[in-house]
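Just so it is clear, none of the values below were taken in a lab; they were calculated from the coordinates. The model shown is predicted, which means the values in this text are computed figures rather than measured ones. Note: ideal-geometry Cβ built from the backbone for every residue, glycine included; neighbour counts use all protein chains shown.
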Ligand code: GDP
């Protein structure tokens, strides 16, 4: 019968693993397989937990929700989103496209953008960018692409907070999945409206009714069943329903009366940052308030810029960018971090001072970043710890942070990952040189490996591993860590024998005969030798067994045999001494 476990509405990964009596790494691995990146201390909700538990083979466990004391609170809307100031002006909606991996987020974005009048723009959307603006019926819509495949919960959470509306992409042939639930949760937390895009309706197994049913179980009741959730049937492939989806987005946005001030200092959020050779740090940002101009001084976290180039995210040069506009800007002294708020200031002096203050605040905070369990683990490790040196390069700051955070979860008391260097941008010759001096493996995540760097690495025999999927990268690191674990030696007792006669004893050899009293005697094997209560030798090697004149590999209980032992020193055995046979296996442990 299934064991029942009660959990709250949300539960930390660590607690859930404990309740399930599972190693936390197994649970984290299972979550990753479902596209959810969560560390030990992060919370997952009941529904996600239930799906994961259902997918864990061999666990006969039923989760039940603990009764709630309080009604479910809906987070209040961010006041920043809708300015009520008198001078506020209408602004385009910011829409996040979210959903489970492979349900068609990218395809849907592509097909929406392909309808846009902006399609003549340079650059196109062949490369991954995190925000786009398009026009539909002469009105602008800003889309945020929240990476699904890489499964970065942090980015997705930011995505929801930034937005006015979430388009929840659900493949109609697959239905609601863990990341769908995650997106619903984020949208609720951020208090934003959800429009459901029932995608892939061109496919054979598409079942929109089943999807509506599943949505109602999540308290998303569709309009025809008396609720207010909009479900638009679409096919990113055939473009059926796409114009209607865009209409719907504008309609829902209208109800929200989205406004922002344009005469305030420009401010917004950094959504991506990278360093490009020849161009220096490049940041993608979303302007939330004010108008950002080329030449402005902006501060983001511990760094600042005089905006040198201002472009749309598809590469059109612009001079100004108002609220809800995604932009690309250059001119930063160092790459800002994903999630940093940016703000325009009056002059360079102000920019420098504010950036320095921010950097100082960050430094004093980071010393406290380690939590107590990590600290205890470090203390316990003492000298036993073996470390795997690695260098991590990633495409954007957000993914770099996620990769490094996830790597920390792989540490054990015996082995740990040591990130000797990390950065945003392609793998470089510098990285290879550093790997050479530190013996590190280089991991590239969503980045390129230039030919000259590859050659240098080949010459120096440096291992570079490139990944686009985070859990595959983690699996690889895990394998590397496993190799560092000392081998485990397993001893298995196979049988006992009582000595009935001694035939020959030299400094290196004993040949004796006896009767197997339990289990069996085997060769090759080892024996423990005892006389009465005294152990004469803990370990002697058995090199041969004879049944009569014949060499054999094993002798069963109750039979007589000859035993040939190889000894390190002379071992004088006597009739009545006992031999305990055991075998020894060396097993490579894994994490
Ligand atoms: P994402 O991981 O959510 O961004 O999903 P993708 O956009 O990469 O799509 C995953 C797969 O589903 C791809 O092979 C797409 O070609 C396919 N796909 C996406 N939308 C549709 C659709 O409307 N119909 C069909 N038949 N396939 C689709």
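In table form, for the structure just shown:
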read-out: Segment 380-484: projected area of the alpha-carbon convex hull, averaged over directions, in nm²; value: 6.3
read-out: nm² value of the averaged projected area, convex hull over the Cα atoms of segment 229-289; value: 7.5
read-out: Cα long-axis angle, helix 242-256 against the chain (0 to 90 degrees, to the nearest 10); value: 70
read-out: Of every Cα-Cα pair in segment 267-366, the percent that sits beyond 18 Å; value: 39
read-out: Extension gain (nm, one decimal) between residue 65 and residue 214, 0.36 nm per residue minus Cα-Cα; value: 51.8 nm
read-out: Kirkwood Rh, Cα atoms: Rg over Rh of the chain; value: 1.14
read-out: Angle between the chain longest axis and helix 470-484 axis [Cα atoms, degrees, rounded to 10]; value: 30
read-out: Where labels lie 7 Å past Cα in the beta-carbon direction, separation of residue 56 and residue 500 in nm; value: 5.4
read-out: Label point distance in nm, residue 357-residue 482, each placed 7 Å from Cα along Cα→Cβ; value: 5.2
read-out: Cα convex hull volume per residue for segment 488-587 (Å³); value: 93
read-out: Convex hull projection area averaged over all views, segment 179-306, Cα basis, nm²; value: 11.9
read-out: Residues 169, 494, 327, 529 arranged by fewest to most Cβ contacts within 10 Å; value: 494, 529, 327, 169
read-out: P(r) histogram, all alpha-carbon pairs of segment 3-65 included - 5 Å bins from 0, percent; value: 4, 20, 37, 29, 10, 0
read-out: Inter-label distance, nm, simple model (7 Å from Cα along the C-beta direction), residue 569/residue 308; value: 7.7
read-out: Residue-averaged 222 nm ellipticity for the chain, from DSSP H runs of 4+ at -39500 (n - 2.57), nearest 500; value: -8500 deg cm²/dmol
read-out: Estimated FRET transfer efficiency when R0 is 41 angstrom, pair residue 489-residue 465 (beta carbons, to 0.05); value: 0.85
read-out: Mean separation of Cα contacts under 8 Å, 6 or more apart, over the residue count of segment 155-260: relative contact order %; value: 25
read-out: Per-pair calculated FRET efficiency, R0 = 41 Å: residue 350 and residue 244 via Cβ, rounded to 0.05; value: 0.30
read-out: Solution diffusion estimate, µm²/s, Stokes-Einstein, segment 454-525, Kirkwood Rh from C-alpha pairs, 37 °C, viscosity 0.692 mPa s; value: 182
read-out: Average Cα contact separation per residue, the chain, under 8 Å, 6 or more apart, as relative contact order %; value: 9
read-out: Principal-axis tilt of helix 429-438 within the chain, Cα atoms, nearest 10 degrees; value: 30
